[in-house]
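Undergrad: Got a structure for you, questions after.
What follows draws every value from the coordinates through simple rules; no lab data is involved. Fair warning: this is a prediction, and the values are worked out from it, not measured in the lab. Backbone-built Cβ (ideal geometry, glycine too); neighbour counts: all protein chains shown.
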Amino acid sequence: MATGRAIVGPTFVVLLMTTISVDAGDNNGVYSPCADTTVQYKDGFTFGIAFASRTAFFYNGNSSILLSPCDSRLSLSTQSSQISVFRPKVDEISLLTINTSSFSPDNYGGYMVAFAGRKYAARSIPAFVANSTYTVTSFTLVLEFKKGRLQNLYWKRDGCAKCSGSSSSFVCLNNQDCAIRTSSCKNHGGSVDCSLGMQLAFSGTDKHLSVFNSWYEVENLRQYSLYNLYANLRDSLTSQYNKIF
Ligand SMILES: *[C@@H]1O[C@H](CO)[C@@H](O)[C@H](O)[C@H]1NC(C)=O
Ligand SMILES: *[C@@H]1O[C@H](CO)[C@@H](O)[C@H](O)[C@H]1NC(C)=O
Ligand SMILES: *[C@@H]1O[C@H](CO)[C@@H](O)[C@H](O)[C@H]1NC(C)=O
């Protein structure tokens, strides 16, 4: 099984201005989340997460025209938004974290979209992260490739199973997200580190038609709580809840 050895740190950067170090075996020379590429095993793949209000991701606010944050017609840069850029390896399950100690998603519209590509732009639907009442801290993002080219990005909802097992401090939103009260978060004067944890999984095929299967591992492992895989993760995002409540 491929486990995510690297935790790609949070980097809030201006779009297109990121520098990311090269890993051994990584032959993908495209580092911008707003450019097209094809990948193979061992490559890194750059994608972005944009935080903004839900309507900011739609062209002229029209809810049937969802554009990529790379599309200048959205003019995200003139609105209250934040971009985070990551470069995971395509053949590994990775856990990304976005440290919220100096960044409150609810101050930036409260929704996020994952995106990559230009001509072949792919973007996820906006996912609710936080408002002044609730904050969701755990996400699973699936990156689906076909012949090495990104086709689709989607949020895999965990449902609220984790909610019921934990404490009453968690609330199940819309039967799909387990949320904590924003007032409990450190960035709002509370005691919980509400940093965002994001599991990544890759599905589909690389440019040599080899199959990415980390997605199947996620499906099978979900029942055992993927976080156990990251037992050595410093500042584990979930264990703190058990300590605090
Ligand atoms: C939104 O976009 C669709 C597709 O282009 C169009 O048919 C519709 O009229 C638009 N709605 C509004 C409110 O502009
Ligand atoms: C976020 O950053 C703060 C300040 O550097 C640190 O104390 C905290 O442990 C970090 N949280 C995570 C989940 O890494
Ligand atoms: C926050 O989001 C939740 C879930 O979507 C919603 O029920 C609630 O009304 C929102 N609260 C505010 C203050 O917007």
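Undergrad: I want to verify the translational diffusion coefficient of the stretch 113-203 in µm²/s; compute it with Stokes-Einstein, Rh as the Kirkwood radius over Cα pairs, at 10 °C and 1.306 mPa s.
TA: 110 µm²/s
Undergrad: Between Rg and the Kirkwood Rh of the stretch 35-165, both from Cα atoms, what is the Rg to Rh ratio?
TA: Dividing the radius of gyration by the Kirkwood radius yields 0.96.
Undergrad: A further question follows. Based only on other Cβ atoms within 10 Å, what is the fewest-to-most ordering of V171, V136?
TA: Ordered from fewest to most neighbouring Cβ atoms within 10 Å, V171, V136 come out as V171, V136.
Undergrad: Within the set K89/K207; K42/K119; K42/K156; K156/K186, which residue pairs have Cα atoms separated by over 22 Å?
TA: K42/K119; K42/K156; K156/K186, as the Cα separations exceed 22 Å there.
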